[in-house]
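Structure first, commentary second.
Laboratory data are not the source of any read-out in this text; all were calculated from the coordinates shown. This one's a predicted model, so the numbers in the text were calculated from it and none came from an experiment. Note that each Cβ is placed from the backbone with ideal geometry, even for glycine, and that neighbours are counted across all protein chains shown.
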Amino acid sequence: MVLRLIITIDVGVEFTLAGGRMTVQISRKDITSDELLDLQSETRFLKLPVAPYLDLLGITPLSSQVAIINAINNPKYRFICAALSRRQGKTYIANIIGQLVSLVPNSNILIISPNYALSQISFDLQRTLIKHFDLEIKRDNAKDKIIELSNGSTVRMGSINQVDSTVGRSYDLIIFDEAALSADGRDAFNVALRPTLDKVNSKAIFVSTPRGKNNWFAEFYDRGFNDDYPEWASIKATYRDNPRMSQMDINEARSTMSEAEFRQEYEADFNTYEGQIWNFDVEKCIGDLKSMDSSKMDMIGGMDVGYRDPTAFCVIGYDWDKEKFYLFDEYLDSERTTDKHAVEIQKLIEKWDIDYIYIDSAAQQTRFDFAQNFDISTINAKKSLTDGIGHVASIVDNNNLIVDQRCEHTLKCLDQYQWDPNPNLIREKPRHNFASHMADALRYALYSFETVATGF
């Protein structure tokens, strides 16, 4: 292996950004964004100094990139979550960090992307970086997206939907690229990948533009601000933190995007999600409802029956005096039989003294089984999709639906329920994803309940 990099290394080099400190938001006080910190080689994560390496690439790092490097180098932090707008070089800096780790012999790096196409971007970047420094490659497997260097280090690319193929080995570094684009990242990390970070000082980086706030990426980002998670650090940067962005670029983006899309893509705003169907006010409409008296409310349930998809059930009370709906409880599961679903829903019926249950009219067999075997009566829900969505919007957008803070599936649904962006659709419809099941249950309940139901 030929390492031109090592010839030019000066351990004492610091890199200072022109223009002074930027406005990058950083959760931990000992992480800076204005210069690359010169940490002792025995404690820092990246054993080779970063500044000379970037200089060889001809890169002047943005303040957000400096912050990420300083965070990953700090021995206090194992998990770095970076919410970055467009034009921040998220994927590029993550791949650079990955390659710096690979220069240490016998290191293992995993770069996880939401899908095959995005994993190809990282694969091509790694190839380009390797070529730039004339590194000797022992194996380059384009099919499996594995690169093995002659020093024994391996860089492996993978996707969330094939995460099982990446387990069975220990990693020094795992990078989640465009993390928020995948709905399954939490389980992929917690169940499959975190156990593979079993080496001393092994770390993970999560980089993405936000996609709403009730999802796993937002949850991981919030950990960086929580003292209960001392190993986590979070970074946020917007277009304002990139001095290379011209006003002309910004004006063009504003003119070609909706306000929500601009805030999402250029402001890295967690509170907006382009294509979001319901405008749920998180600050005003989430509460602790466990001690609220529901005895004088009309209690209703909405049920979306899943066969291959999850079965979803929500419990809602309507306060006639306040003219508000309160969502007290929920149920969502895809791994149970009809009978097991019925047992769990029966518990909720008894707990909340539910008066009416509105169910998908297409689920007649489930209606029959519930009535025959469990004495659970249900009512065919009003099914009009667009009218139902509009009816729910009239409630949600006016802050007349209050959701208990423990109902995480409902909160995700309200945040992530999204119009299908396919331009070839004849008629607008919601995207079918993890959020749509509870959204259907919610719609059946609220749209069907306009007055007190009296029968089938």
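With loop defined by DSSP as not H, G, I, E or B, and exposure as at most 15 other Cβ atoms within 10 Å, which is the longest segment of the chain clear of exposed GluC sites (Glu not before Pro)?
Longest stretch, sites excluded: 137-230.
Once amide H atoms are placed 1.01 Å from N in the peptide plane, what residues at a sequence separation of 5 or more from ASP333, or on another chain, have their amide H within under 5 Å of its amide H?
For ASP333, the qualifying residues are THR311.
Could you give the size of the charge dipole of the chain about its Cα centre, using +1 on the Cβ of each K and R and -1 on the Cβ of each D and E, expressed in debye and rounded to the nearest 20?
1380 debye
May I ask you to list the trypsin sites (Lys or Arg not before Pro) in the range 115-156 that are in a DSSP loop and have at most 14 other Cβ atoms within 10 Å of their Cβ?
Counting only loop positions with at most 14 other Cβ atoms within 10 Å, the trypsin sites (Lys or Arg not before Pro) in the range 115-156 are LYS143.
Can you give me the Cα centroid spacing of the range 80-111 and the range 334-404 in angstrom?
Comparing the Cα centres of the range 80-111 and the range 334-404, I get a distance of 45 Å.
Report the local net charge at LYS199: Lys and Arg +1, Asp and Glu -1, summed over other residues whose C-beta lies under 14 Å from its C-beta.
Cβ neighbours under 14 Å give a net charge of +3.
For ASN190 and GLN162, calculate 0.36 nm times their separation in residues minus their Cα-Cα distance, and state this gained length in nm to one decimal.
Length gained, ASN190 through GLN162: 8.6 nm.
Counting only C-alpha contacts under 8 Å and six or more residues apart, can you give the relative contact order of the chain as a whole percent?
Normalised by residue count, the contact order of the chain is 14 percent.
Using only the alpha-carbon atoms, what does the range 101-167 span along each of its principal axes? Please give whole angstrom values in decreasing order.
32, 22, 19
When Lys and Arg each count +1 and Asp and Glu each count -1, what net charge do the other residues less than 11 Å away from CYS285, Cβ to Cβ, add up to?
-2
Let me have the relative contact order for the range 282-448, percent, based on Cα pairs under 8 Å that are six or more residues apart. Intermediate results must be reported in sequence, preceding the final value.
Working: 287 pairs, mean separation 50.4, N = 167.
Averaging sequence separation for qualifying contacts and normalising by length gives 30 percent for the range 282-448.
Based on alpha-carbon atoms only, what is the radius of gyration of the range 282-448 relative to the globular estimate 2.2 N^0.38 Å?
Dividing the Cα Rg of the range 282-448 by 2.2 N^0.38 Å gives 1.00.
[x] 4, 19, 25, 21, 16, 10, 4, 1, 0; [y] 4, 20, 31, 28, 14, 3, 0; [z] 4, 18, 27, 25, 15, 7, 3, 1, 0: which one is P(r) over Cα pairs in 10 Å bins from 0, in percent as calculated from this entry?
Evaluating P(r) over Cα pairs in 10 Å bins from 0, in percent on these atoms matches [x].
Using mean Cβ contacts within 10 Å as the protection proxy, how do 204-210, 64-70, 396-402 order, highest first?
64-70, 204-210, 396-402
Which percent, nearest 5, of DSSP beta bridges in the chain are antiparallel?
That works out to approximately 45 percent antiparallel.
Could you go through the range 30-45 in sequence order and give the Karplus-derived ³J(HN,Hα) for each residue, using 6.51 cos²θ - 1.76 cosθ + 1.60 with θ = phi - 60°, rounded to whole Hz, and x for Gly and Pro?
8, 10, 10, 10, 9, 7, 6, 6, 8, 7, 4, 4, 6, 9, 6, 6
Taking only pairs that are 8 or more places apart or on different chains, how many Lys pairs in the range 61-153 have Cα atoms under 23 angstrom apart?
Taking the range 61-153 as the scope, the lysine pair count is 5.
Give the long-range amide H neighbours of LYS203: residues separated by 5 or more places, or on another chain, with amide H under 5 Å away, using H modelled in the peptide plane at 1.01 Å from N.
LEU173, ILE174
Within the range 301-360, list the trypsin sites (Lys or Arg not before Pro) lying in a DSSP loop whose Cβ has at most 16 other Cβ atoms in a 10 Å radius.
The qualifying sites are ARG308, LYS322, ARG336.
What is the count of Lys pairs in the range 282-448 whose alpha carbons sit under 21 Å apart, if the two are 8 or more places apart or on different chains?
Within the range 282-448, the lysine pair count is 19.
Separation between the ILE137 and GLU259 pseudo-spin-labels, each 7 Å from Cα along Cα→Cβ, expressed in nm?
Distance between the two pseudo-spin positions: 4.9 nm.
What percent does the relative contact order of the range 18-153 come to when contacts are Cα pairs within less than 8 Å and at least six residues apart?
The value is 19 percent.
Counting Lys and Arg as +1 and Asp and Glu as -1, what is the net charge of the other residues whose Cβ lies under 14 Å from the Cβ of ARG139?
Values: positive: ARG127, LYS138, LYS143, LYS145, ARG156; negative: GLU136, ASP140, ASP144, GLU148.
Charge balance near ARG139 sits at +1.
Please report the antiparallel percentage of the DSSP beta bridges confined to the range 4-266, to the nearest 5.
Of those bridges, close to 30 percent are antiparallel.
What value, in deg cm²/dmol to 500, does the helix sum -39500 (n - 2.57) over DSSP H runs of n ≥ 4 give at 222 nm once divided by the residues of the chain?
Calculated from helices alone, the mean residue ellipticity at 222 nm is -9500 deg cm²/dmol.
I need ASP353, ASP309 ordered by Cβ neighbour count within 10 Å, fewest first.
On the way: ASP353 11, ASP309 14.
In increasing order of surrounding Cβ atoms, one gets ASP353, ASP309.
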